[in-house]
Amino acid sequence: MKKALPGQEEVFIFERLGNIHVWDFFAEEIVEAVNKNLKNGSENTYLENLVYRKMTEWMDRYLKEGVTDDFLNDLNAALHEIRYSKYILALDILPSESVFPKNGYVAKYDKIPSPEAYAADDFSKLLTSGQLKRLKRCQLDGCEKFFLGPPQARWCSKSCGSKFRVREKRRRDSLR
């Protein structure tokens with residue numbers, strides 16, 4: 001069984017076929033996978049495309065609405081299909097300030113959830129981990145990529161920022 005990532009405050013655990021696994025995710029990898037699906041989704045399986053499409057919808061809605069009561073109600077409704085069991089977990093899996101094991105909730109993936117529920121589960125992990133506070137969408141016309149960046153960031157990459165500045169300069173030059 002894997003241990004939690006160092007410095008990770010919340011641990012996400014799932015069980016599949018009787019084995020417990022720690023979901024060691026990195027928000028950057030998830031955002032990158034969603035962006036890859038935006039560009040060429042046909043390379044994935046049908047179910048992966050559905051999961052990524054739903055993740056895109058959740059991320060887009062989060063950026064437009066923020067965390068509203070309606071947003072949380074819809075997310076919770078989508079999560080309803082995921083079943084959890086309560087476990088007492090060893091300290092190497094779920095670290096504790098005390099010397100005693102802690103309670104943990106483990107998602108049961110023996111029955112594969114629908115793509116909608118799977119996407120909602122992954123999105124909820126990002127949301128509750130605080131990783132989405134840096135989520136943004138590129139502001140370059142024609143680029144729809146998501147990225148994690150500082151508050152002032154406007155573009156997903158240096159090349160998008162450069163393209164924007166070149167377009168703006170050409171637009172200003174054409175007005176002269």
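Table for the structure above
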read-out: Exclusive hit being more than 28 Å from Ile82 (Cα to Cα) and not hydrophobic (A, V, I, L, M, F, W, C), set Gln131, Gln152; value: Gln152
read-out: Criterion: among the polar types (S, T, N, Q), closer than 23 Å to Lys133 by Cβ and out of contact with any helix residue (DSSP H, G or I) (no Cβ under 6 Å at 6 or more places or on another chain) - qualifying residue of Asn35, Asn103, Asn19; value: Asn35
read-out: Tally of residues being surrounded by 15 or more Cβ atoms within 10 Å (Cβ to Cβ) and not in a loop (DSSP other than H, G, I, E, B) across the stretch 42-59; value: 11
read-out: Positions within the stretch 115-133 being on the phi < 0 side of the Ramachandran plot and free of Cβ contacts under 8 Å to residues at least 24 places away in the same chain, in sequence order; value: Lys133
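No value in this document is a laboratory result; all are computed from the given coordinates. Please read all numbers here as calculations on a predicted model, not as lab measurements. Note: ideal-geometry Cβ built from the backbone for every residue, glycine included; neighbour counts use all protein chains shown.
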